Amino acid sequence: MHRHRLFPTCRETQSLLSEAQDRTLSPFHRARVRVHLWTCTACTRFSDQIHFLRDAMRRLGKD
């Protein structure tokens, strides 16, 4: 049986955060990520690191 849980695991959240770098997540998946990030400092740090790296790569591309 396949079911989506509202509260994803850290592994699921990190996977969704990585996918979000290449495509727009559905509203359902964005909500799942937000719910998880509200309660998980480790995944919040992971998200911050991904955004930092993406922004740094963009800045390097402008040089």
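The values are calculated or read from the model by the stated rules, or taken from the named source; none is laboratory data. None of these values were measured; they are calculated from a predicted model. Cβ sites come from the backbone with ideal geometry, for glycine too, and all protein chains shown count toward neighbours. Ligands, DNA and RNA are excluded from the accessible area calculation, which covers all protein heavy atoms including side chains. Shrake-Rupley method; radii C 1.70, N 1.55, O 1.52, S 1.80 Å.
The residue of region 43-63 that is farthest from LEU16 (Cα to Cα), among those that are among the hydrophobic types (A, V, I, L, M, F, W, C) and open to solvent by less than 50 Å² (accessible area, probe 1.4 Å), is ALA56. What about THR13, is it open to solvent by less than 100 Å² (accessible area, probe 1.4 Å), assigned to a helix (DSSP H, G or I) and touching a His at 6+ places or on another chain (Cβ under 7 Å)? When the stated conditions are applied, THR13 passes them.
Among residues of region 16-40 being β-branched (Val, Ile, Thr) and surrounded by 11 or more Cβ atoms within 10 Å (Cβ to Cβ), the one that is nearest to LEU53 (Cα to Cα) is VAL33. Taking the conditions exactly as written (acidic (Asp, Glu) and in a loop (DSSP other than H, G, I, E, B)), does ASP22 satisfy them or not? In short, yes.
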